[in-house]
Amino acid sequence: MLSQSRLVEPLRPFGLNLSDSQAVQTLTYLHLLLRWNEKINLTAIRDPEEAIIRHFGESLFPATHLQLHGTLLDIGTGAGFPGLALKIVFPDLAVTLLEPVTKKRAFLKEAVRACGFTKVSIRGERLEDLVAASDPLNFDLATMRAVGNLEVLVPLARKALKTGGRCLLWLSSEQGAALGRINSGLTWGDPLKMPISQTEIWYGEKA
């Protein structure tokens, strides 16, 4: 079992300095992820320190540049990245996790319980079904990491946002370059360049 001190070096390049309580939640989440991953496919990453970097470091990196508040919709959340991980540094966020796979939703429920997270909703709909059934939606934030089909998902994500809401995307540089060709109705700022990674975080605002 990793100690809190083992978190320091993997997270240092991201500029993250977790409090003791945040470190405890991170380790609880990590150990649960690795244990469940032996039974169901949550992540291809097996090494604990690599999981800290790729899942927690990359998910939490926006906290060094942006203040996130209000309601967040995490689309295709999988094992909870980035949406559930962001609860560690933004505990007041009301997070809705969209995940159609039943076994992954079971993991998410256990992660919420084990970490003591509050204000988390776990839903099994796909984004297109959620938007069609609940229009208009009024989320402050929508997040997507490691998803494809952006030309469909990004315009749908916009529909889930309130006016002035923001969409945050964890993308490769190639995906980021293609954003301008998507008729999303979002105004994009300059991306945040991820340390020790080819990933960029793009954020667009709904006018």
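In table form, for the structure just shown:
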read-out	value
Residue in the stretch 2-12 that is within 29 Å of Gly164 (Cα to Cα) and either at pLDDT 95 or above or buried (at least 20 other Cβ atoms within 10 Å of the Cβ) (or both) present	no
Close pairs (6 angstrom Cβ cut-off, 6 or more residues apart or separate chains): farther than 17 Å from Gly80 by Cβ in the stretch 135-149, among the basic types (Lys, Arg) anywhere	Asn138/Lys162
Candidates Phe61, Phe90, Phe107 - the one that is outside any loop (DSSP other than H, G, I, E, B) and either of a type in the set (Val, Ile, Thr) or closer than 19 Å to Phe14 by Cβ (or both)	Phe61
Filter pass, Ala94 being modelled with pLDDT under 95, small (Gly, Ala, Ser) and surrounded by fewer than 20 Cβ atoms within 10 Å (Cβ to Cβ)	no
Positions within the stretch 34-92 being among the polar types (S, T, N, Q) and within 21 Å of Gly165 (Cα to Cα), in sequence order	Ser59, Thr64, Gln67, Thr71, Thr77
Meets criteria (surrounded by 19 or more Cβ atoms within 10 Å (Cβ to Cβ), at pLDDT below 95 and touching a helix residue (DSSP H, G or I) at 6+ places or on another chain (Cβ under 7 Å)) for Leu42	no
Flag for Ala79 being closer than 14 Å to Thr26 by Cα and surrounded by fewer than 19 Cβ atoms within 10 Å (Cβ to Cβ)	no
The stretch 102-134 - residue that is within 19 Å of Gly70 (Cβ to Cβ) and surrounded by fewer than 17 Cβ atoms within 10 Å (Cβ to Cβ) and, of those, modelled with the lowest pLDDT	Ser134
Subset tally (residues that are surrounded by 13 or more Cβ atoms within 10 Å (Cβ to Cβ) and within 25 Å of Thr163 (Cβ to Cβ)) for the stretch 190-207	8
Count of residues meeting criterion [of a type in the set (D, E, K, R), in a loop (DSSP other than H, G, I, E, B) and within 19 Å of Lys103 (Cα to Cα)] in the stretch 34-58	3
Selection from the stretch 48-62 of residues that are within 21 Å of Gly189 (Cα to Cα) and either in contact with a Gly (Cβ under 9 Å, 6 or more places away or on another chain) or among the basic types (Lys, Arg) (or both)	Ser59, Phe61
Residues being surrounded by fewer than 18 Cβ atoms within 10 Å (Cβ to Cβ), over 21 Å from Phe61 (Cα atoms) and of a type in the set (A, V, I, L, M, F, W, C) - total across the stretch 148-189	3
Given (1) touching a residue at least 24 places away in the same chain (Cβ under 8 Å); (2) surrounded by fewer than 13 Cβ atoms within 10 Å (Cβ to Cβ), number of the condition Thr64 does not satisfy	(2)
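The values are calculated or read from the model by the stated rules, or taken from the named source; none is laboratory data. Keep in mind that this is a model prediction, so the values were computed, not measured. Cβ atoms come from the backbone with ideal geometry, glycine included; neighbour counts cover every protein chain shown.
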